[in-house]
1. Confirm whether residue 346 is closer than 18 Å to residue 307 by Cα, modelled with pLDDT of 95 or more and in the same structural domain as residue 297 (by TED's automatic domain parsing).
2. Does residue 358 fit the bill of being over 15 Å from residue 287 (Cβ atoms) and touching a Lys or Arg at 6+ places or on another chain (Cβ under 6 Å)?
3. Given the criterion part of a helix (DSSP H, G or I), modelled with pLDDT of 95 or more and at negative phi, identify the matching residue among 479, 422.
4. Here is a list: 439, 417, 454. Which entry is part of a helix (DSSP H, G or I), touching a Leu at 6+ places or on another chain (Cβ under 7 Å) and surrounded by 18 or more Cβ atoms within 10 Å (Cβ to Cβ)?
5. Determine if the range 352-362 includes at least one residue that is assigned to a loop (DSSP other than H, G, I, E, B), over 25 Å from residue 436 (Cβ atoms) and in contact (Cβ under 8 Å) with a residue 60 or more places away in the chain.
6. Among the candidates 74, 151, single out the residue that is assigned to a loop (DSSP other than H, G, I, E, B), closer than 28 Å to residue 441 by Cα and of a type in the set (A, V, I, L, M).
7. May I ask you to say which residue of 382, 396 is surrounded by 15 or more Cβ atoms within 10 Å (Cβ to Cβ) and within 24 Å of residue 295 (Cα to Cα)?
Amino acid sequence: MLRVAVAGCYSTNNPYEEAELTAVVAALRALTPALEITVFSHGQRKTGKLPEVRTANRWNPFQLVYSLLHTDLVLSEGNIRDDQGIWPLLSHFGILALARLFGKPVVAYGQGVGPLKSFLGRKLVRSACNKIDLITVRDGLSKETLLEIGVNHPPVVVTADPVFTINPAQFDRELGRTLLDRICSQSMPDSPDIGIDGTAIQRAIIESNADHTADTTKENPGEPVSAGLSKATAPSITDAQNKATVAGKEATSSNADTPGKATTMGGRQQAAGGETDSKAATEEQRPLLGVILQNIEGNEQYKKTVASAADRLVQEGWEVLFIPFDFAADIHVCQEVSWIMQQRNLLLKEKLSLVECFSLLGELDLLLGMKLPALKMASVMRTPCVGVALDNKISRFLEMTGQASAGTLDDLQDGELYNRIKEAWEERKETVTHLDQLLIQLRQQSWESAGIALSYFYSRQPSKRYDGRPAGRSEHQGKAGRAAHR
């Protein structure tokens, strides 16, 4: 049986990192079903469980050494960057160096590279990557960064982000609609979860941080890593959907008895009785704009700009929903912009599971995002995006996918942002058509990362290719199977 270890900086609160890991595991298992996978993680993940995937605490030297000694191939996955400090890089490349010391092949799997802002970070990445056996990167900018800092020993192949192997058809749209019902019920003026004191939000943050603390202090080897996307890889999805459906039905039934409140039909916000506006009285579907923000230290103007543009959209019949993508880190900035707005808006007040996050993004009509992972996940769900180009990676991604850019933070103006959102809305059909065609290509390229990694390993140890065949077959059947495989 082939044993693979995956090294990456995985946290408990970031849905994108969980989506990456889930996609990698699903792709490897599709190509090699008889596979044992170990993930080096900061802590046990909570939002689902991947069957037969084990986790090892990267900070436990005994688990780390034991796992590396009993693995055949080590994959380096995730995004290499130093803008959040040098220690994550030291930890990650320390694992890869130890794997090389034990004679294990190391392959970078759809690796993202950058930003690398420090001299020490660039030097560390250059030294470590020149010792890796093979490198596949998720975009052309990552390859350019590696070449610029002097990585020239292993071949560098451009594939695509592992997330693009995910098929949007795996997600139940009813779950997304149910979530919208629940969010709307929580945003009503008489809802017990709303208030200037933010009690419900503070409680959610405390619970989220408590889960993270428990993960990092009570790591148990051999426990399954969470993630969850399809029914085949995440049995807990059905339970989550059932719970969400029950909650949504309760919220819908409570709203139906209250005049003058808004309800959702088909996943889109509509006005109910009691509205004075003539358009609201017709109960026409209102476009839903999702807003994903990032806290920028020392810059408060962009919050007022986003709030002003959102107010104009609400006055024209839109619904605006603020989504804390990384809940603990983003809830405060989302709450602040929500309060700055003069018009009624929606705010997600709970941490979503991975499946719920994908389902909610799929129900948006348009997304205004400041985070590249959120833009990618929304694009996977065929939701048109307007991105704020905080770095070159976001600019490149928007250009590649043919989606609208609101410019940089310095370019962000009230009227300009409003116009970009309106233009993106008018061109949404063309954008979705382009995304459909592009996703086919990106999905194929993403699968290449798994194929290249496994092909490289099997070229070195061809006997491992047949170690996982089912027991009980005769020698004749084994030879026939090998002949058919060839």
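The values are calculated or read from the model by the stated rules, or taken from the named source; none is laboratory data. All figures in this text were calculated on a predicted structure; none of them were measured in a lab. FYI the Cβ positions are ideal-geometry reconstructions off the backbone, even for glycines, and counts take in every protein chain you see.
1. Values: closer than 18 Å to residue 307 by Cα: yes; modelled with pLDDT of 95 or more: yes; in the same structural domain as residue 297 (by TED's automatic domain parsing): yes.
Against the criterion (closer than 18 Å to residue 307 by Cα, modelled with pLDDT of 95 or more and in the same structural domain as residue 297 (by TED's automatic domain parsing)), residue 346 qualifies.
2. On the way: over 15 Å from residue 287 (Cβ atoms): yes; touching a Lys or Arg at 6+ places or on another chain (Cβ under 6 Å): no.
No, not satisfied.
3. Numbers: 479 fails: modelled with pLDDT of 95 or more.
The conditions single out 422.
4. Values: 439 fails: touching a Leu at 6+ places or on another chain (Cβ under 7 Å); 417 fails: touching a Leu at 6+ places or on another chain (Cβ under 7 Å).
Of the residues listed, the single one that is part of a helix (DSSP H, G or I), touching a Leu at 6+ places or on another chain (Cβ under 7 Å) and surrounded by 18 or more Cβ atoms within 10 Å (Cβ to Cβ) is 454.
5. Applying the first criterion (assigned to a loop (DSSP other than H, G, I, E, B)) to the range 352-362 yields 352-353.
Okay, now just the ones that are also over 25 Å from residue 436 (Cβ atoms), so 352-353.
Now narrow it down to the ones that are in contact (Cβ under 8 Å) with a residue 60 or more places away in the chain: 352-353.
Yes, because at least one residue in the range 352-362 is assigned to a loop (DSSP other than H, G, I, E, B), over 25 Å from residue 436 (Cβ atoms) and in contact (Cβ under 8 Å) with a residue 60 or more places away in the chain.
6. Values: 74 fails: assigned to a loop (DSSP other than H, G, I, E, B).
Step by step, each of 74, 151 is checked, and only 151 is assigned to a loop (DSSP other than H, G, I, E, B), closer than 28 Å to residue 441 by Cα and of a type in the set (A, V, I, L, M).
7. Values: 382 fails: within 24 Å of residue 295 (Cα to Cα).
Residue meeting the stated conditions: 396.
Rundown of residues vs (1) in a helix (DSSP H, G or I); (2) surrounded by fewer than 21 Cβ atoms within 10 Å (Cβ to Cβ); (3) at pLDDT below 95, yes/no style:
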| position | (1), (2), (3) |
| --- | --- |
| 111 | no, no, yes |
| 120 | yes, yes, yes |
| 136 | no, no, no |
| 181 | yes, no, yes |
| 188 | no, yes, yes |
| 195 | no, yes, yes |
